[in-house]
Amino acid sequence: MTSGTRETPVNSSPAVAANAEGEEIEVLESTDVLPVAPEDYDPDSSGFISTERFRDLLATHGSELDPHKLEVLLALADGNADGKICYQDFVNLMSNKRSNSFRRAILQGSRQLKGCSLRDEVGLGLPQRLVRHVAYETLPREVDRKWYFDSYTYCPPPWLILVITIAEVAVFMYYGFQLDRLVLQVSSPSFLKSPLPYHPQLRAQAWRYLSYIFMHTGIEHLSLNMAMQLLVGVPLEMVHGALRIGLVYVCGVLAGSLAVSVTDMTAPVVGSSGGVYALVSAHLANVVMNWSGMKCQFKLFRMAMALVCMSVEFGRAVWLRFYPPAFPPCPNPSFVAHLGGVVVGLTLGVVVLQNYEQRLQEQSLFWIFFSVYTLFVLCAVFWNIFAYSLLDVRLPPPP
């Protein structure tokens, strides 16, 4: 059986076996065009099989399939209200491609697969158990968890958050030895002379709106941020990929420094809290919105611990901001970057994480929030260009 001119490799399957026998499946000529939904198919140009015959073939040849794929095939058959399945959907499914028609079929049918849950699987190795744990930590629906478990290959690995974390630790250790202190580095006269922190006098150096994440006020600041960044960011990247997580992280970082430049105009900014809080708040909001579907262990306790860590780190930042600075008139670093990250996480971040297999360009809410975010960035840029002189803000001397 073919679809147009391109051959798609699939595993041994009911449809392939029946085609080899020359019976059971009667289809019309297929095309290369991937249909959008079952109701949009043209019976004169697409191949179909009835759901009844498809179930019969699954019952006969299902032992040859991977158990997870067998269950999503059954879910596809059960969720299709038209009583027929396009052959191209079957090929996409066996090739680890989730088409729009498959998603709509699942939404029209039952949202839970008929077999046992992924948690009940036995005989899994350590890597498989890790993937299963990540699936239950981040995805609210069993059909998505099983699909993710079946298709995840560790290629590419979750490299982005690990690279950012290693870079932040390396920079901290470098300045720790250079300044000869690991606690409250910000009290050193040379701390803000680095080319990395954001300083209001140097706001024309655009890279500082992002590079400030590599500087931390001390080991206690670094430790809390790294713990939340790794525990939340790495699982999210394993599920959603580096592009989505990087987008949320960078947007949180940029929103943090711009929020400081607008609301706390005389203060510098250091630390990765803007990006970290964007990821953590987006994840926590996703858990709350899908509370009944989330099956992660001790989810209430874990949420409480995450909120405690965020509160402790934010409280430390507020205390440091209003504590008498070691080198007046320059104030200590601002805490407003945390709030900027939270706002990004609760808006743009939630939309990005809400539907892990749906493309971002297909989500209308994504474009709404992204447009609002872009408008905020543009307004903040104009604010930095004109407001400081118009308001006659007295800035601290450059470091």
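Excluding Trp383 itself, what net charge comes from residues whose Cβ is under 14 Å from its Cβ, given Lys and Arg +1 and Asp and Glu -1?
0
According to the square roots a ≥ b ≥ c of the eigenvalues of the Cα gyration tensor, what is the shape class of the stretch 239-383, taking rounded for a/c under 1.5, prolate for a/b larger than b/c otherwise, and oblate for the remainder?
Because a/c hits 1.5 or more and a/b fails to exceed b/c, the stretch 239-383 counts as oblate.
What figure, in Å² to the nearest 10, do you get for the accessible area of Val276 with a 1.4 Å probe and non-protein molecules left out?
In the full protein context, Val276 sits at about 0 Å².
Just grab the label-to-label distance for Lys193 and Arg119, each label 7 Å out from Cα along the Cβ direction, in nm (one decimal).
Output for this residue pair reads 5.7 nm.
Say each of Arg394 and Cys155 gets a label point 7 Å from the Cα, pointing the same way as Cα to Cβ; how far apart are those two points in nm?
Computed distance between label sites Arg394 and Cys155 equals 6.3 nm.
Please label the shape of the stretch 288-372 as rounded, prolate or oblate, based on the square roots a ≥ b ≥ c of the eigenvalues of the alpha-carbon gyration tensor (a/c under 1.5 means rounded; beyond that, a/b larger than b/c means prolate, else oblate).
oblate
Would you please name the GluC sites (Glu not before Pro) within the stretch 286-389 that are DSSP coil residues with at most 15 other C-beta atoms within 10 Å of their C-beta?
Within the stretch 286-389, the qualifying GluC sites (Glu not before Pro) (loop, at most 15 other Cβ atoms within 10 Å) are Glu357.
State, to one decimal in nm, how far the label point of Gln205 lies from the label point of Gln128, with both points 7 Å from Cα in the Cβ direction.
About 5.3 nm separates the two model spin labels.
Specify the inter-centroid distance of the stretch 207-257 and the stretch 268-344, based on alpha-carbon positions, in whole Å.
11
Arrange the residues His61, His216, His133 by how much accessible surface each exposes, largest first, with a 1.4 angstrom probe.
Sorted by accessible area, descending: His133, His61, His216.
Could you derive backbone 3J(HN,Hα) for the stretch 282-294 from the dihedral phi with the Karplus parameters 6.51, -1.76 and 1.60 (θ = phi - 60°), listing whole Hz in sequence and x where the residue is Gly or Pro?
Ordered by residue, 3J(HN,Hα) equals 5, 5, 5, 5, 5, 5, 5, 5, 10, 4, 5, x, 6 Hz.
Given a Förster distance of 22 Å, report the FRET efficiency between Leu182 and Arg316 from their Cβ-Cβ distance, rounded to the nearest 0.05.
0.90
Determine the shape class of the stretch 161-282: with a ≥ b ≥ c the square roots of the Cα gyration tensor eigenvalues, call it rounded for a/c under 1.5, and otherwise prolate if a/b is greater than b/c, oblate otherwise.
oblate
The values are calculated or read from the model by the stated rules, or taken from the named source; none is laboratory data. Everything quoted here is computed from the prediction, not taken from an experiment. FYI the Cβ positions are ideal-geometry reconstructions off the backbone, even for glycines, and counts take in every protein chain you see. Side chains included, ligands, DNA and RNA excluded: accessible areas come from the protein's heavy atoms. Shrake-Rupley method; radii C 1.70, N 1.55, O 1.52, S 1.80 Å.
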